[in-house]
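The values are calculated or read from the model by the stated rules, or taken from the named source; none is laboratory data. Computed from a predicted structure; not experimentally measured. Ideal geometry is used to build each Cβ from the backbone, glycine not excepted, and the neighbour counts take in all protein chains shown.
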Amino acid sequence: MEPVDLAFATKRIRQVCESASAARRYLGETVAERLRVRLADLEATERFADLVPSKTRVLSTRPPGQLALILSDGYWLVLAAADDPARIDSKGGIRWESVVRVQILRIEKI
C-alpha cells in the first residue's frame, strides 16, 4: 500500500505545513513542532485507522466530511477526505479507515 496522499486547500496552508520557519512564525514553536510530527504521521501511515483515535475528532458527517487532529495548545489540524469518490459508510459519514487522499484545510483553535 502507498502512504496517504496529502493535498492543501490554499497556498498559505501549504507554506505553513512545508516550511518550518513559516510554521513557527504563524503558530509558535510548540505548535509548529507538533504540526511537523502530525504531518510525518500522516505521511507515514497507509490508512487513517492507523492514527490514534483519541487524538482525532470527526467534525461533520456531511460532505466533505472533516476530521481534526490535535496539535498542541488548543490547536487542531483540520482535514477532509479528498478521495474521488469518497468512501461513505451506511450512516452517510466518511469511512476514514479507507481514505487514501486528504486535503489539509486549516489549522485552528477549536
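Being in contact with a helix residue (DSSP H, G or I) (Cβ under 9 Å, 6 or more places away or on another chain), under 17 Å from PHE8 (Cα atoms), modelled with pLDDT of 70 or more and assigned to a loop (DSSP other than H, G, I, E, B), is that true of even one residue in the stretch 47-68? Walk me through it before giving the result.
Initially, the stretch 47-68 is screened for residues in contact with a helix residue (DSSP H, G or I) (Cβ under 9 Å, 6 or more places away or on another chain), giving 47-52, 55-56, 58, 65, 67.
Still in the list and also under 17 Å from PHE8 (Cα atoms): 65, 67.
Subset that is modelled with pLDDT of 70 or more: 65, 67.
Still in the running and assigned to a loop (DSSP other than H, G, I, E, B): 65.
Yes, there is a match, as at least one residue in the stretch 47-68 is in contact with a helix residue (DSSP H, G or I) (Cβ under 9 Å, 6 or more places away or on another chain), under 17 Å from PHE8 (Cα atoms), modelled with pLDDT of 70 or more and assigned to a loop (DSSP other than H, G, I, E, B).
Could you list, in sequence order, the residues of the stretch 72-92 that are in contact with a Lys or Arg (Cβ under 6 Å, 6 or more places away or on another chain) and outside any strand (DSSP E or B)?
SER72, GLY74, ALA82, ASP83, ARG87, ASP89
Could you list, in sequence order, all residues of the stretch 17-43 that are aliphatic (A, V, I, L, M) and either under 13 Å from VAL102 (Cα atoms) or over 13 Å from the mean Cα position of the chain (by Cα) (or both)?
Just the residues of the stretch 17-43 that are aliphatic (A, V, I, L, M), to begin with: 20, 22-23, 27, 31-32, 35, 37, 39-40, 42.
Once the filter is applied, which keeps residues that are aliphatic (A, V, I, L, M) and either under 13 Å from VAL102 (Cα atoms) or over 13 Å from the mean Cα position of the chain (by Cα) (or both), the stretch 17-43 yields ALA20, ALA22, ALA23, LEU27, VAL31, ALA32, LEU39, LEU42.
Just to be sure I understand the filter: pairs with C-beta atoms under 6 Å, separated by 6 or more residues or on different chains, first member in the stretch 84-109 and closer than 16 Å to GLU46 by Cα and touching a residue at least 60 places away in the same chain (Cβ under 8 Å), second member part of a helix (DSSP H, G or I) and not aliphatic (A, V, I, L, M). Which pairs pass?
What qualifies is VAL99/PHE48.
Condition first: more than 14 Å from LEU69 (Cβ to Cβ), assigned to a helix (DSSP H, G or I) and not aliphatic (A, V, I, L, M). Now tell me which residues in the stretch 18-40 satisfy that.
GLU18, SER21, ARG24, ARG25, TYR26, GLU29, THR30, GLU33
Suppose we keep only residues that are surrounded by fewer than 21 Cβ atoms within 10 Å (Cβ to Cβ) and farther than 14 Å from ILE13 by Cβ within the stretch 70-84. Which one would you say is modelled with the lowest pLDDT?
Top of the filtered list is ASP84.
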